[in-house]
Every structure is written in C-alpha cells, then in structure tokens.
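Working notes, beginning with the structure itself.
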Amino acid sequence: MAQLQPVRGTHDILPDDYARFRHVVDTARQAALVFGYREMATPIFEFTDVFARSMGETSDVVSKEMYSFTDKGGESLTLRPEYTAGICRAFISNGLQQHVPFKAFGWGPMFRFERPQKGRQRQFHQIDVEVIGAAEPQADVEVISVAAEILRRLGILDKCVLELNTLGDPESRVGYRDALVRYFSSYVDKLSDDSRKRLEKNPLRILDSKDEGDRALVAHAPLIHDYLTPAASDFFKALQDGLGASGVPFTVSPRLVRGLDYYTHTAFEFTTDMLGAQGTVLAGGRYDGLIEQLGGKPTPGIGWAGGIERLVMLSDPQPAAPRIVAIIPIGAAAEAAAVTLAGDLRRADIAVELGYGGNAGKRFKRADRLGCAAAVVIGDDELAKGVVKLKDFKSGTEIEVARGDLLAHLKQDQLKA
RNA sequence: GCGGGGGUAGCUCAGUUGGUUAGAGCACCAGAUUGUGGCUCUGGGGGUCGCGGGUUCAAGUCCCGUUCCUCGCCCCA
C-alpha cells in the first residue's frame, strides 16, 4: 500500500473510470441540449456568503460541511458544496434577467466535509440543470423530464423510482409546519433524540426519519396536502398532469422533504435501492425564494443535481474503446517513414499509436494489449515497394496496401477515431 | 460528529496455538521466437505486512494509539 495517499474522501479518476465518468457527463449534456438547455460553468469557489445566505446559516451543510478558507486578501471563500447557489449568483451578477427563462446545464466538482462512504466523497461531482425565471409548473415538468431522459439514455431509469412531493407555497408551508409541530409536540417523549432536535430546527425533517418509533408517529402525522392553498394545490396538480402527459412515471411521497431552506412547491428525488444508504441518485426542486435571498429581484427557479459517481456506479461498464491503429516500423529506415505516416493519418482523425521502441514482437504485443484494431507494418521491403502491410487484429489477416491507398482503406474499415 | 467491520505484492487473497529467509493466482518484465500479437513453456523483478509505540528470547499474528477504506446514523447527489 502506498504511503502517499490522496486527501481523505478524494479519489483519482484513472482512464478506465474516466471513460465511464465522461460517458455520464456527455449523455447528460446531450439530453439537456435536446431540451434547449445550454452548458455553462461557474467558479468552483465563491464568497462564503453566497452559500451561507442561500442555504441558511443553520443548515448542516453550511454549519459543518463547508470547505471555507480565508484567502491572502482576507476574503472568506468557500469551495462550492452545491451548484445552484453559484448559478443563481451568476444570474444576478451577469444581469441575465432579460434572458428568462434562463436554462442552464452544468457539471463539475463539489466539496463537502463529510464522513466518506461508498457513493459519498469529500470531492464529488454533479451534473446540474436549472431553469431560472419560470414560475409555471410546465417548467417543473420539463426539468424533471430532462432528468428522466438522461437516466433513460444511461440505461438506468428502470433501476430508479421518481418520488414526488410538494412543499407548497410559503403560506401553505407555514400552516403545515405549525400543524406538524403541534402534532409531534404531543408525542415528544416518544420521539427519537434526533427528531426532538429536528422538532425545533427543522420539523419537516422528522417526516423522513429512519427511526422505527418515529416512523410509527409519522404514519399518522398531518399531511401537507391538507394544508395547501388552492394555488399551491393547483400547481401540484398541474405538475402531475404534465408528468403524466410526458410519460414520466412517479409516485407521490408525502414524506419527501428538503433540507435546504430555499425550496418551495416541487420536491423530487430519483432514488435507487442498489446503492445502500446513498440511494438518492438525482434530486431537486423549486426554489422561488432563492434569488431574492441572494439579493436579486424576486425570481422563481427550479433545478436539480445528480451525483456523477452514483450514476457511474449504476450504469454499465462503458463504451467501446476507440479504434486505434498501431504503426509498427521495422528497421531504422522505416522509423522515419512511420513518423511521417502517423502524422498523415492523425491529420485525417485516425487514432494512431506509434510505439517508442522494441522489436516487432514487442510492438505487436503492445498493440494487442492496447486493443488496437489493426497494425500497419512498414519495413525495408515495404519501403522499397512503396507499400505497407495492413494487419487486421481480429481476423489475423494481412494484406499489402499501396501507401497512397492506406488512408482510404482505413476509413473504409471505419477506423476513424 | 457517533457506532460496527477491515487494511499482507499493481489486483484478488492465503498465512495454523506468536517461531528461522512472508506465499499463491492474476498482472508486469525477459527469454524460447532479433519481420508478427493472442495460446503455451521457462525464468525474473516487485513487500518498511497502512503508520507509530508496547509486550516478548521471538510479532504479519497479541495490546494501545493513529490513519485510510468500508457498513450504518446524522446529513445529502
């Protein structure tokens, strides 16, 4: 075991894994583009205040999980623990109000000081989709549809279920919160220690407690749906109708809530039972109060984030290796010709591996291990005749090809990278 | 932050009640085969047994600390 380890909770992504990682990002990007979203990026660190104000000072993420530091100019900065706040900050900073609805796709590393587990790292990566400046439930439908389409393209939609709920508008939420506090307060002695704390800090959270005793109480707790204002109720109905029309299956989970302060109305999660305790693959919701909280004009928004590492674990070991051609020179004179030839092919977008040395046997062996589709052999005989030998690794057959015809041959064999 | 289980070669692991120079398979390198890969055979390199301390004549093995991974809680993607 090596003594020089990466920082706890961080991992190197080596080429084989990176291929799967990139496949997830590429698939997500492509699906998002199809829905009219455009890729963008924000800095991986922001003023600490951006996250503290958006997520709430008392949230667990802000109070104990942020990588915050003071830079040499004395500013308190924080490595982003999530994407939404940064996008909203960018929306305000760049005066994008005139571009609403603003539809963004992004991805990148996030940082949280948590105890690592499988599917939970201190540096992890998310794909992210946001719509800012749309108050209509149709936006919620679209945002969730993008997520479903990404999961479908990754071939893992059937390993997930979509759980859906509403937190109502602020008015609904206040009434419901009071009702919950009243209900649970009458059973304080039966609540778990954790939930007793939640009763003061974040009573909605009791609803998704994993404690057996809590669950029994939750089963008879008031439901948000009885406290929705007519407007909030209509909104939720429209969302469900829209999802039905889009062919996105879901189940309503009245106990699904959000830990972050800025969520309103829609809350949803795509979850799986294949990843142990880290079952949430992709989750999000509506955050109509966030932009204003950050200092912008009141602007509605909705979005989600998906954990790339978790998506990778669910998806199949990925994609076909690139079709590489190995050029194998034999003899000193052929070395130069091989370099020239490699340049010609690469300019035509054919992936070429030119071994650095060794005899023919070694170079063939190496080409085979790399998974090369074919080898181009060039030695003194071939040089004299102006040809190369083209060997197909799969069939083992070898043919002689004029040097001028090689490119056409390779393209015909669909060896383009 | 709390509780449980782990760490022996690049990978997967074995290693007896503590006992001499710590092993296997796979992988890697070399040769058989200096103009032809996969298969086979032969040989080779590679380990401060996670790290530090303690007990002992003797520690991979027992004890303590620590670090990292892992399972669950909290929280979250």
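The values are calculated or read from the model by the stated rules, or taken from the named source; none is laboratory data. Remember, predicted model here, so these are calculated numbers, not experimental data. Counting neighbours? That spans all protein chains shown, and the Cβs are built from the backbone with ideal geometry, glycine included.
Output the residues belonging to the stretch A:128-140 that are more than 14 Å from the chain's Cα centre (by Cα) and either among the acidic types (Asp, Glu) or surrounded by fewer than 21 Cβ atoms within 10 Å (Cβ to Cβ) (or both). Quick ask: steps written out before the conclusion?
Going residue by residue through the stretch A:128-140, those that are more than 14 Å from the chain's Cα centre (by Cα) are A:131-140.
Hits for the stretch A:128-140 are A:133, A:134, A:135, A:136, A:138, A:140.
May I ask you to list the residues in the stretch A:19-43 that are over 13 Å from the mean Cα position of the chain (by Cα), over 14 Å from residue A:126 (Cα atoms) and surrounded by 14 or more Cβ atoms within 10 Å (Cβ to Cβ)?
A:19, A:35, A:37 - these are the residues of the stretch A:19-43 that are over 13 Å from the mean Cα position of the chain (by Cα), over 14 Å from residue A:126 (Cα atoms) and surrounded by 14 or more Cβ atoms within 10 Å (Cβ to Cβ).
Give the stretch A:365-386 a look and list any residue that's under 39 Å from the mean Cα position of the chain (by Cα) and either of a type in the set (Val, Ile, Thr) or assigned to a helix (DSSP H, G or I) (or both), or say none. Let's see the steps before the verdict.
Kept after step one, since they are under 39 Å from the mean Cα position of the chain (by Cα), are these residues of the stretch A:365-386: A:365-375.
Within the stretch A:365-386, A:365, A:366, A:367, A:368, A:369 meet the criteria.
If I filter the stretch A:151-159 for residues that are touching a Lys or Arg at 6+ places or on another chain (Cβ under 9 Å), within 16 Å of RNA strand B (Cβ to nearest atom) and farther than 21 Å from residue A:257 by Cα, do I get at least one hit?
The answer is yes; a qualifying residue exists.
Going by what's in this entry, would residue A:405 be described as touching a residue at least 40 places away in the same chain (Cβ under 8 Å), more than 28 Å from residue A:15 (Cα to Cα), of a type in the set (Asp, Glu) and out of contact with any Asp or Glu (no Cβ under 9 Å at 6 or more places or on another chain)? Before you say what the answer is, go through the steps one by one.
Details: touching a residue at least 40 places away in the same chain (Cβ under 8 Å): no; more than 28 Å from residue A:15 (Cα to Cα): yes; of a type in the set (Asp, Glu): yes; out of contact with any Asp or Glu (no Cβ under 9 Å at 6 or more places or on another chain): yes.
So residue A:405 fails the test.
In this structure, is residue A:11 away from RNA strand B (no atom under 16 Å from the Cβ) and not β-branched (Val, Ile, Thr)?
Numbers: away from RNA strand B (no atom under 16 Å from the Cβ): no; not β-branched (Val, Ile, Thr): yes.
So residue A:11 fails the test.
Just to verify a result, which residue in the stretch A:387-405, among those that are within 6 Å of RNA strand B (Cβ to nearest atom) and surrounded by 14 or more Cβ atoms within 10 Å (Cβ to Cβ), is farthest from the chain's Cα centre (by Cα)?
Across the stretch A:387-405, the extreme among qualifying residues is A:389.
Any residue in the stretch A:10-21 that is free of Cβ contacts under 8 Å to residues at least 60 places away in the same chain sitting within a Cβ distance under 8 Å of a residue that is outside any loop (DSSP other than H, G, I, E, B) and among the hydrophobic types (A, V, I, L, M, F, W, C)? List the pairs, counting only those 6 or more apart or interchain.
A:13/A:21
Counting only residues that are hydrophobic (A, V, I, L, M, F, W, C) and over 15 Å from residue A:257 (Cβ atoms), which one in the stretch A:183-203 is surrounded by the most Cβ atoms within 10 Å (Cβ to Cβ)?
If we filter the stretch A:183-203 for residues that are hydrophobic (A, V, I, L, M, F, W, C), which is where we start, we get A:184, A:188, A:191, A:199.
Now restrict to residues that are over 15 Å from residue A:257 (Cβ atoms): A:188, A:191.
Working: A:188: 10, A:191: 20.
Ranking the qualifying residues of the stretch A:183-203, first place goes to A:191.
Filter the stretch A:268-289 down to the residues that are modelled with pLDDT of 85 or more and small (Gly, Ala, Ser), then identify the one that is nearest to RNA strand B (Cβ to nearest atom).
Here the answer is A:283.
Within the stretch A:234-253, how many residues are crowded, with 17+ Cβ neighbours inside 10 Å and among the hydroxyl-bearing types (Ser, Thr, Tyr)?
Counting residues in the stretch A:234-253 that are crowded, with 17+ Cβ neighbours inside 10 Å and among the hydroxyl-bearing types (Ser, Thr, Tyr) gives 1.
Please go through the stretch A:348-370 and pick out each residue that is near RNA strand B (Cβ under 9 Å from one of its atoms) and over 11 Å from residue A:327 (Cβ atoms). Quick ask: steps written out before the conclusion?
Just the residues of the stretch A:348-370 that are near RNA strand B (Cβ under 9 Å from one of its atoms), to begin with: A:358-369.
If the condition is that a residue be near RNA strand B (Cβ under 9 Å from one of its atoms) and over 11 Å from residue A:327 (Cβ atoms), then A:358, A:359, A:360, A:361, A:362, A:364, A:365, A:366, A:368, A:369 are the ones that fit.
Of the residues A:384, A:373, which is more than 6 Å from RNA strand B (Cβ to nearest atom) and either loosely packed, with under 13 Cβ neighbours inside 10 Å or of a type in the set (Phe, Trp, Tyr) (or both)? It would help to see each step written out before you state the result.
Working: A:373 fails: either loosely packed, with under 13 Cβ neighbours inside 10 Å or of a type in the set (Phe, Trp, Tyr) (or both).
One residue alone meets the criteria, A:384.
For the stretch A:161-182, name all the residues that are within 26 Å of residue A:285 (Cα to Cα) and surrounded by fewer than 20 Cβ atoms within 10 Å (Cβ to Cβ).
Scanning the stretch A:161-182 gives A:161, A:163, A:169, A:170, A:171, A:174, A:175, A:177, A:178, A:179, A:181.
Is at least one residue of the stretch A:204-219 within 29 Å of the chain's Cα centre (by Cα), within 8 Å of RNA strand B (Cβ to nearest atom) and hydroxyl-bearing (Ser, Thr, Tyr)? Walk me through it before giving the result.
First pass over the stretch A:204-219, keeping only residues within 29 Å of the chain's Cα centre (by Cα): A:204-210.
From what's left, within 8 Å of RNA strand B (Cβ to nearest atom): A:205, A:208-210.
Okay, now just the ones that are also hydroxyl-bearing (Ser, Thr, Tyr), so A:209.
Yes; the residues of the stretch A:204-219 include at least one that is within 29 Å of the chain's Cα centre (by Cα), within 8 Å of RNA strand B (Cβ to nearest atom) and hydroxyl-bearing (Ser, Thr, Tyr).
Return yes or no: is residue A:408 at pLDDT 90 or above, of a type outside the set (Lys, Arg), more than 8 Å from RNA strand B (Cβ to nearest atom) and more than 13 Å from residue A:326 (Cα to Cα)? Give the derivation first.
Numbers: at pLDDT 90 or above: yes; of a type outside the set (Lys, Arg): yes; more than 8 Å from RNA strand B (Cβ to nearest atom): yes; more than 13 Å from residue A:326 (Cα to Cα): yes.
Yes, satisfied.
Can you tell me which residues in the stretch A:44-60 are more than 15 Å from RNA strand B (Cβ to nearest atom), within 22 Å of the chain's Cα centre (by Cα) and either part of a helix (DSSP H, G or I) or crowded, with 21+ Cβ neighbours inside 10 Å (or both)?
The answer is A:50, and nothing else.
Within the set of pairs 6+ apart or on separate chains, which have a first residue in the stretch A:203-224 that is touching a residue at least 40 places away in the same chain (Cβ under 8 Å), a second that is more than 16 Å from RNA strand B (Cβ to nearest atom) and among the hydroxyl-bearing types (Ser, Thr, Tyr), and C-beta atoms under 6 Å apart?
Pairs that qualify, where the first residue is touching a residue at least 40 places away in the same chain (Cβ under 8 Å) and the partner is more than 16 Å from RNA strand B (Cβ to nearest atom) and among the hydroxyl-bearing types (Ser, Thr, Tyr), are A:221/A:183; A:222/A:183; A:224/A:176.
Sort through A:57, A:65 and tell me the only one that's free of Cβ contacts under 8 Å to residues at least 12 places away in the same chain and out of contact with any strand residue (DSSP E or B) (no Cβ under 7 Å at 6 or more places or on another chain). Lay out the reasoning, then the answer.
Working: A:65 fails: free of Cβ contacts under 8 Å to residues at least 12 places away in the same chain.
One residue alone meets the criteria, A:57.
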